[in-house]
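Enquirer: First the structure, which I've put down as C-alpha cells, then a few questions once you've had a look.
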Amino acid sequence: MKSQRNLPASASLARTSHRNLTRRHVLGAMAAVPALAHLSLHAQDNGIIKIGQSIALTGPLAELGQAMHQGAKACFAAVNAQGGVAGRKIELSALDDGYDIKRALANLDTFLADKNTFALFNCMGTPMIEAMLPKVVETGIPFFSPFTGALVARPKNARNVFNIRASYPEEAEQLVQHLATIGIKRIAIAYQNNSFGKEVYEGARLAMEKHKLTGTAIVTVENNASDAGSAATKLAESNPEAVLVGLAGKPTIEFIKAIRAVRKGLPLYALSIMGTSATIKSIGEDATGIAISQVMPLPTNTVVPMVREFQQAWKATGAQQEASHLALEGYVNARVFVEVLRRAGRGLTRSSFIENAWNLKRHDLGGFEIGFSEPGKNASRFVELTLVGREGRFIR
C-alpha cells in the first residue's frame, strides 16, 4: 500500500571538506538583533558552506544516527566531487549527542557560536529537537529536515524550520486506511506512554472513526517496557483482527515477543521508527510478517531513479554497511538541501535560502516528489507499506 502524495527523490551526494574556515562579515550587530543578524549571514566565499548536525553517533540509537549521517555524506560527497554548488563545497560538521538532550543543546550552542555555521541539518530525535526549537526559532537559523515525525517539530509560526518526512499521525492514518481497505474491522492499539505514542494513537483514532472501525482494546506501554507483557495479554484477550503498534525501541521488542507468545499469527502493523535492523534483529523470528509503514521508498528498488542515484553514491563512499531506509532518508534530506542551495545561487544568505525553500513546490527528485507549502507542514507525505521477510529483509 502506497500513498503517493509525495514520491521518491534523486540526487547528488557529498564528501565533507575539512578546510580551515574564514569568518565573513555579518550584516548588523548579531548580539543586539540576533534573529536579523543570523538571517543576513552569508555563506562563506572561500568555497565552503558549513552546516551543523547534532546527531546520535554513539549510544542506544547510534545505528539510526550513523545511517542517516552516512547517507547525507554520500550526497554531499557526490555534489562536492562535481564542483559543489555555484563553485562552493558543502561541509557537514556532525557533533555526537548520544541521544541526550543536554549534549544536544551544548552542540547547538557550539554551532550558533560559530559564525561560519550557515544552517542546521538533519538533527535527530524528538526530545532533542523539542529542546532545541526555542533557540532555533529565536535566532532564525535554517533548521532543515529534523529527524522526527512528531508534530512538536512542526511549529506553525517558524519559517526557518523545514520538515521533509511524513509525520507519525500520517503514518498511523495510512496503516488504518490499509486495514480498512482489506476488510479488517476490529483493531487493537498498543502505544508508548509518551508524546510520540500519543500522537500515533490520535492519528489512528481519527482514522478509525473515519473508516468506522472498532477499537477492541487500547493499551499503553511504559518507556522501560515493564508492562509490555501485561499489555500484550490484555490486547490478545480482546480478540482483535490486527494490532497497530505505536512503539519504539525496547518497548517494541518486548511487546512483540510477548504478543507473539500468546497469539502467534496475529497481524501486527508498526511505524517506520520501529524498522531499524537492530530492532528487527533483536526481535528475531518473531519479526517475520510484521507490516511496517515507511516514509522512504525501498532502498533496493532501483526502478526508482532517485534510488539508483542513491545506490551509486552510497557505493562510491565505500560504505561497508547495507543501504537502509534511514541512509536513503539522509540522502534525500541532503538532496533537497542541495536543490535549495542551487536555487539560491551565488548570492546565498540565510534569508535567500529560506525564501527559495518555501518556493520549492512539486519538485521531482527522480520518482520522489517534495514541496514545501507552509510552516508546520512536511514536504513529503510519502508512506508505503513493507513486510518483514525472512532474515529480516523488507519486501513490498
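The values are calculated or read from the model by the stated rules, or taken from the named source; none is laboratory data. In this text, all values refer to a predicted model and were calculated from it rather than measured experimentally. Reconstructed Cβ throughout: ideal geometry from the backbone, glycine too, with neighbour counts over all protein chains shown. Calculation scope for accessible area: heavy atoms of the full protein, side chains included, ligands and nucleic acids excluded. Shrake-Rupley method; radii C 1.70, N 1.55, O 1.52, S 1.80 Å.
Enquirer: Hey, can you tell me all the residues within the range 112-162 that are β-branched (Val, Ile, Thr) and over 22 Å from Leu247 (Cα atoms)?
Expert: The answer is Thr117, Val136, Val137, Thr139, Ile141, Val161.
Enquirer: Something else: Answer yes if at least one residue in the range 357-369 is free of Cβ contacts under 8 Å to residues at least 12 places away in the same chain and under 30 Å from Val152 (Cβ atoms), and no otherwise.
Expert: Yes, the range 357-369 contains a residue that is free of Cβ contacts under 8 Å to residues at least 12 places away in the same chain and under 30 Å from Val152 (Cβ atoms).
Enquirer: From the residues in the range 212-223 that are open to solvent by 20 Å² or more (accessible area, probe 1.4 Å) and either in contact with a Phe, Trp or Tyr (Cβ under 9 Å, 6 or more places away or on another chain) or of a type in the set (Val, Ile, Thr) (or both), which one is farthest from Leu235 (Cα to Cα)?
Expert: Thr214
Enquirer: Do you know which of the residues in the range 54-103 that are more than 19 Å from Pro127 (Cα to Cα) and of a type in the set (D, E, K, R) is farthest from the chain's Cα centre (by Cα)?
Expert: Once the filter is applied, the top-ranked residue is Arg88.
Enquirer: Within the bounds of the range 88-111, is there any residue that is modelled with pLDDT of 95 or more, outside any loop (DSSP other than H, G, I, E, B), among the aromatic types (Phe, Trp, Tyr) and closer than 21 Å to Phe372 by Cα?
Expert: no
Enquirer: Testing Gly83 on (1) of a type outside the set (Val, Ile, Thr); (2) on the phi > 0 side of the Ramachandran plot; (3) surrounded by 24 or more Cβ atoms within 10 Å (Cβ to Cβ), one condition comes back false. Which one is that?
Expert: (3)
Enquirer: Looking at (1) open to solvent by 10 Å² or more (accessible area, probe 1.4 Å); (2) among the small types (Gly, Ala, Ser); (3) farther than 26 Å from Leu151 by Cβ; (4) in contact (Cβ under 8 Å) with a residue 24 or more places away in the chain, can you tell me which one Gly183 breaks?
Expert: Looking at each condition in turn, Gly183 falls short on (4).
Enquirer: Those residues that are part of a loop (DSSP other than H, G, I, E, B) and within 18 Å of Ser238 (Cβ to Cβ), I need them from the range 184-211; list them, please.
Expert: Ile184, Lys185
Enquirer: Take Lys212 and decide whether it is charged (D, E, K, R) and within 19 Å of Gln174 (Cβ to Cβ).
Expert: For Lys212, the condition - charged (D, E, K, R) and within 19 Å of Gln174 (Cβ to Cβ) - is met.
Enquirer: May I pose another question? Out of all the residues in the range 262-284, which are of a type in the set (A, V, I, L, M), within 17 Å of Val243 (Cα to Cα) and surrounded by 17 or more Cβ atoms within 10 Å (Cβ to Cβ)?
Expert: Those that are of a type in the set (A, V, I, L, M), within 17 Å of Val243 (Cα to Cα) and surrounded by 17 or more Cβ atoms within 10 Å (Cβ to Cβ): Leu266, Leu268, Ala270, Leu271, Ile273, Met274, Ile283.
Enquirer: OK, next. Going by what's in this entry, would Ala231 be described as assigned to a helix (DSSP H, G or I) and surrounded by fewer than 24 Cβ atoms within 10 Å (Cβ to Cβ)?
Expert: no
Enquirer: So Leu266 clears everything in (1) without any contact (Cβ under 8 Å) to a residue 40 or more places away in the chain; (2) part of a helix (DSSP H, G or I); (3) under 20 Å from Val200 (Cβ atoms); (4) over 22 Å from the mean Cα position of the chain (by Cα) except one condition, right? Which one?
Expert: For Leu266, the exception is condition (2).
Enquirer: Within the range 90-115, can you find the residues that are charged (D, E, K, R) and open to solvent by less than 20 Å² (accessible area, probe 1.4 Å)?
Expert: Listed by number, the residues that qualify are Glu91, Asp97.
Enquirer: Only residues in the range 295-307 that are within 25 Å of Glu173 (Cα to Cα) count as the first member; pair them with residues that are at pLDDT below 95 and basic (Lys, Arg), Cβ under 7 angstrom, at least 6 apart or cross-chain, and list the lot.
Expert: Leu298/Arg396
Enquirer: Still on this model: Provide a single number: the residues in the range 161-183 that are in a loop (DSSP other than H, G, I, E, B) and within 17 Å of the chain's Cα centre (by Cα).
Expert: 4
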